[in-house]
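Right, one structure below, let's go through it.
The values are calculated or read from the model by the stated rules, or taken from the named source; none is laboratory data. These numbers were taken from a predicted model, which means no experiment stands behind them. Glycine also receives a Cβ, built like all others from the backbone with ideal geometry; neighbour counts cover every protein chain displayed.
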Amino acid sequence: MELAVGGGMRRSASHTSLSESDDFDLSRLLNKPRINVDRQRSFDDCSLSDVSHSGGYGRGGAFDGMYSPGGGLRSLVGTPASSALHSFEPHPIVGDAWEALRRSLVFFRGQPLGTIAAFDHASEEVLNYDQVFVRDFVPSALAFLMNGEPDIVKNFLLKTVLLQGWEKKVDRFKLGEGAMPASFKVLHDAKKGVDTLHADFGESAIGRVAPVDSGFWWIILLRAYTKSTGDMTLAETPECQKGMRLILSLCLSEGFDTFPTLLCADGCCMIDRRMGVYGYPIEIQALFFMALKCALQMLKHDNEGKEFVEKIATRLHALSYHMRSYFWLDFQQLNDIYRYKTEEYSHTAVNKFNVIPDSIPDWLFDFMPCQGGFFIGNVSPARMDFRWFALGNMIAILSSLATPEQSTAIMDLIEERWEELIGEMPLKICYPAIENHEWRIVTGCDPKNTRWSYHNGGSWPVLLWLLTAACIKTGRPQIARRAIDLAESRLLKDGWPEYYDGKLGRYVGKQARKFQTWSIAGYLVAKMMLEDPSHLGMISLEEDRAMLKPVLKRSASWTN
Ligand code: GLC
């Protein structure tokens, strides 16, 4: 298998970029001599040869001892290229993790197409864990890309975009054309020797919610593939261009909105059950923002694409302003809200959404450190969901929805509130858990989402890759290393559980699957990124200076 490298990239004049620094400038944080990144050098990577000693915008910025010069990349069957390439001893569980990841591969007509959610034969109930979930496949895909095996990712992207073209119905209601499935299954007919696909767009899902995140993850993954391989031809195919446009037309359509955020039903993302994450949940807003930025880099400026490019630029401008102003909470902001007056009318209102200070939960006053902050869970009229949600905050850092100062503050919060947010197993999906009467009302008495379990304050190892990426981006790899050490001490021993329970995440989750693929892949991606931080470029976007003023700036290609 061959990987395109730096010089030999195909370029396309039809692509554009909002800024000259779309991608993360690693030179800002690398303070070690250059590493050999020829193997994964992607077409618009920063120049790692211009390594600076300035550190990242966070504190520290040191990757002491984490680099080792890599060689050329070979895809070694059954062998993790990353650990084979590096001079230091890989942790003994890395090999097991790769084996488990490969065991979860799903084949369609002889080609690897994805990974199933969990390879848990001990569990009596398979439910839909034998399916390939779009969101679950993302860390698997990143692991394969980082290991120099992009073909499975390409197959996945092409096949899912075909599924998007299916007519989708829930009872008699037809879903929007752009909707992407939450999951799909390969059905093997041994007699006839044929494979067929069966996709779920929400019509079989618990609660019948369509996954809003799937389309966003698909776009983000398309960019990761392009960035990692330098192969722009996939994104340029009419299928992928149309796939992007259809997803975008679903979320950029005009309605009665007064906010640039995207209105959603409860359970339309990783938290796929009722958990009070309806309205404008941070996870969806952050993914929306990231997908818009990725699409902007990949959309052609042809007749059909042009209209979207303009809409995206305008939306990004409004969305970043809204999120950075109204979803952001730190000590000062909390104090301001605490002193809010209510019933203010007109443009001069300070308390724009009429948030009643009494609705601030008690836990927050102690939880909020003097230094640090985060994007809260949700903001809508008279409702601020003050809970911490890990995925949304990590994506906010990676997509540069968070300003550099906000990103630093999020990392400060994680350090300050380590016990609450990381505890003994990284990483809490949200904090705190809801209990008692509130749990009854918000979850509808969901026995799976009892306090400190599953989506309700459970700890999900998959989130480790996002944390690691955010740590690298903010120049705080030591936080990731500490979290990875914790996970390493238990994951294999416990059989790669889907989630852990308890205030400290000490117990294997009540109904957690074993050999949960994204727990395995998430760990591998975290390890590989820490070993070779240049991988970060696949899933990180730099802040666009142009976002501050919504002027479209054209450049010859998105390599500029
Ligand atoms: C659970 C999770 C969801 C995941 C699925 C498959 O439903 O909530 O995020 O995609 O399991 O692992």
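Here is a check on your reading of the model: is residue 280 away from the ligand (no atom under 16 Å from the Cβ), touching a residue at least 40 places away in the same chain (Cβ under 8 Å) and either more than 17 Å from residue 392 (Cα to Cα) or of a type in the set (Ser, Thr, Tyr) (or both)? Yes.
Residue count for segment 455-472 under the criterion of being within 13 Å of the ligand (Cβ to nearest atom), crowded, with 24+ Cβ neighbours inside 10 Å and in a loop (DSSP other than H, G, I, E, B): the result is 2. The C-beta contact set for segment 86-112 (first residue in a helix (DSSP H, G or I), second residue at pLDDT 95 or above and surrounded by fewer than 17 Cβ atoms within 10 Å (Cβ to Cβ), distance under 9 angstrom, 6+ apart or interchain) comprises 93/493.
Condition check for residue 342 on (1) free of Cβ contacts under 8 Å to residues at least 40 places away in the same chain; (2) closer than 15 Å to residue 286 by Cβ; (3) of a type in the set (Ser, Thr, Tyr): one failure, at (2). The single residue among 105, 158, 162, 101 that is crowded, with 23+ Cβ neighbours inside 10 Å, farther than 16 Å from residue 210 by Cα and hydrophobic (A, V, I, L, M, F, W, C) turns out to be 101. One residue is enough: does segment 170-187 have a residue meeting the conditions away from the ligand (no atom under 16 Å from the Cβ), part of a helix (DSSP H, G or I) and touching a residue at least 60 places away in the same chain (Cβ under 8 Å)? The answer is no; no qualifying residue exists.
Looking at the structure I just gave you, is residue 518 touching a residue at least 12 places away in the same chain (Cβ under 8 Å), out of contact with any Leu (no Cβ under 9 Å at 6 or more places or on another chain) and at positive phi? Lay out the reasoning, then the answer.
Values: touching a residue at least 12 places away in the same chain (Cβ under 8 Å): yes; out of contact with any Leu (no Cβ under 9 Å at 6 or more places or on another chain): yes; at positive phi: no.
The answer is no for residue 518.
Annotation: of all residues in segment 412-454 being closer than 22 Å to residue 397 by Cβ and within 16 Å of the ligand (Cβ to nearest atom), the one that is surrounded by the fewest Cβ atoms within 10 Å (Cβ to Cβ) is 429.
Residue-level check: of (1) within 15 Å of the ligand (Cβ to nearest atom); (2) surrounded by fewer than 24 Cβ atoms within 10 Å (Cβ to Cβ), residue 499 misses just (2). Restricting the first member to segment 136-154 and to residues that are at positive phi, and the second to residues that are away from the ligand (no atom under 16 Å from the Cβ), the beta-carbon pairs closer than 8 Å and six or more apart or on different chains are 148/1; 148/3; 148/39; 148/40; 148/73; 148/74; 148/75; 148/81. Candidates are the residues of segment 127-161 that are of a type in the set (A, V, I, L, M), within 16 Å of residue 111 (Cα to Cα) and assigned to a helix (DSSP H, G or I); the one that is farthest from the ligand (Cβ to nearest atom) is 158.
If you go through segment 506-525 and pick out every residue that is away from the ligand (no atom under 16 Å from the Cβ) and in a loop (DSSP other than H, G, I, E, B), you end up with 1. Among residues that are modelled with pLDDT of 95 or more, on the phi > 0 side of the Ramachandran plot and touching a helix residue (DSSP H, G or I) at 6+ places or on another chain (Cβ under 7 Å), residue 452 is not included. Go through segment 315-359 and give me each residue that's among the polar types (S, T, N, Q), under 30 Å from residue 253 (Cβ atoms) and loosely packed, with under 14 Cβ neighbours inside 10 Å. Within segment 315-359, 325, 346 meet the criteria. Annotation note: of 214, 204, the sole residue that is hydroxyl-bearing (Ser, Thr, Tyr), surrounded by 14 or more Cβ atoms within 10 Å (Cβ to Cβ), modelled with pLDDT of 90 or more and within 16 Å of the ligand (Cβ to nearest atom) is 214.
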